[in-house]
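Since every read-out is calculated from the coordinates, none of them should be taken as a lab result. Computed from a prediction, not measured in an experiment: that's the story for all the values here. Counting neighbours? That spans all protein chains shown, and the Cβs are built from the backbone with ideal geometry, glycine included.
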Amino acid sequence: MTFPETDRERAWTAVVGVAVLALVGGSLLFPDTVYGDFVWHYFWGPVVADANGAQCAVWNGGAVQHVYSSTACASATEPVAYPGYTLVSEVGYAVTLLVSLVGVTFLLDHLEVGEDLRLLYALFPFVLLGGALRVVEDANDAAAAAPGVEQFLDFPVNTLIISPVIYFVMFVITLAALVACVFLARRTTVVEDYYRPLAGAGTALLAATVGFLVYLSATTEYVSLLPQFTVLTLLFATVITAAVWYYVRRSLPDVASGTEFAGAVVLWAHAVDGVANVIGLDWAAELGLARDLVPKHPVNAAVVDITQNVLPASVIQYTGDAWPFLLLKIAAALFVLWLFNAELREEAPRYFTLMLVAVVAVGLGPGSRDMLRATFGI
């Protein structure tokens, strides 16, 4: 069955086409300015540096150099790309995510799926899978840093599980699984609906990925197993979610009016992110790691810096400096849930569901990575 393209879909296609044409055309016509100073500097360069285990990558007029000394990176001529995120790249990823969600909504309209919040629960394992795959790359980096050990994933294959490439990889995997499960449910009598096989596929992939990390912890010295990090993260996140959600349902009913139990899932996802950061950044050494972890995102790092500047060292030695990030995550999650009211759910149920999936992914993706990174001592 074919479906006619709507005016909104044509407008979306035109906007995306113009943006892609501007980036590609600008990169070809002005390679140093558009590609080197923007695309490479903020998006692809950090991936290249991360994938090669370098302190930074230097554009050098297009003859990219991998630099392994922080001193040399500091004195290199811009543009210089460092592994990790920047505010520019995070804004770019956020805009790309929002635009992509609109496109996926059109696809769900044609497939006639996604109006039920059960899709959120079915996709839940895929969100965890993204974080777990990112930890596989962390383990790959740990292998490269270990004496006499070779990486099990070489460049450029390892770029597939480095941000932002992993976002597109996870999008393709999830979309393929969704379409396959919808086809299975509608064209065969094997299953009654697509939710269970979709959740099962994600769970199987997640189990295989975590199982591989467990295997590395049992057979290598550069990966260890410290389950207390996962246990404590999930325990504290669950307790915090239960307490906050109980208060919200009793005292702030408007916040929970549109999402029902899915709102608690969103809150829990961001609580995991906040708790994982607090434990990993402030208490990792006390719980068994050689040292505390370092923040991977600009927002995390900014919160830590502000806390260090505001609170005296005599207080921070007892409280740590990452706990305000947990409060920020809880407050942000509640604000978003307040926006997701019953009226929005009724007017655009598929976009409502997809946006909730995205909000869960924004919290649980990096949160599960930080939790598992500490759990496997990477």
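Peptides 38-47, 133-142 ranked from most to least packed give 133-142, 38-47, packing being the mean of other C-beta atoms within 10 angstrom over each peptide's residues. Classify the range 250-367 from the C-alpha gyration tensor, please: rounded if a/c falls under 1.5, else prolate or oblate depending on whether a/b exceeds b/c. It is prolate, given that a/c is not under 1.5 and a/b is the larger ratio. Legend: P(r) of the range 146-191 from all alpha carbon pair distances, 10 Å bins from 0, whole percents, reading 23, 28, 23, 18, 7, 1. When only the Cβ of Lys, Arg, Asp and Glu is charged (+1, +1, -1, -1), the dipole of the chain relative to its Cα centre reaches about 520 debye. Ranked by the mean number of other Cβ atoms within 10 Å per residue, highest first, peptides 251-260, 65-74 order as 251-260, 65-74.
In units of the rule-of-thumb radius 2.2 N^0.38 Å, the range 9-69 shows an alpha carbon radius of gyration of 1.38.
Compute the orientation-averaged projected area for the chain from the convex hull of its Cα atoms and round it to one decimal in nm². Don't skip to the end; give the middle numbers.
Details: hull surface 87.8 nm².
Reported value for the Cα convex hull: 21.9 nm².
Note that the range 1-159 shows a convex hull volume over its alpha carbon atoms of 158 Å³ per residue.
Placing unit charges on the Cβ atoms of the charged side chains and taking the dipole of the range 205-303 about its Cα centre, the candidate lying farthest along the positive direction among 213, 275, 261 is 261.
Shown for the chain are the DSSP H helices of 24 Å or more along their axis, judged by Cα atoms, with a mean Kyte-Doolittle hydropathy of at least -0.5: 7-29, 87-111, 118-145, 165-187, 195-219, 228-251, 261-282, 323-339, 349-375.
Over all alpha-carbon pairs in the range 67-184, figure out the percentage whose distance exceeds 22 Å.
In whole percent, the share of Cα-Cα pairs in the range 67-184 beyond 22 Å is 51.
Decide, for the range 203-317, between rounded, prolate and oblate: order the square roots of the alpha carbon gyration tensor eigenvalues as a ≥ b ≥ c, take rounded if a/c falls under 1.5, and otherwise choose prolate if a/b is larger than b/c, else oblate. Oblate shape, in that a/c is at least 1.5 and b/c is the bigger or equal ratio. Of the trypsin sites (Lys or Arg not before Pro) found in the range 276-378, those in coil by DSSP whose Cβ has at most 10 other Cβ atoms within 10 Å are 291. Applying 1/(1 + (r/R0)^6) with r as the Cβ-Cβ distance of residue 348 and residue 203 and R0 = 45 angstrom yields a FRET efficiency of 0.95. A straight line joining the Cα centroids of the range 113-137 and the range 1-60 runs 25 Å.
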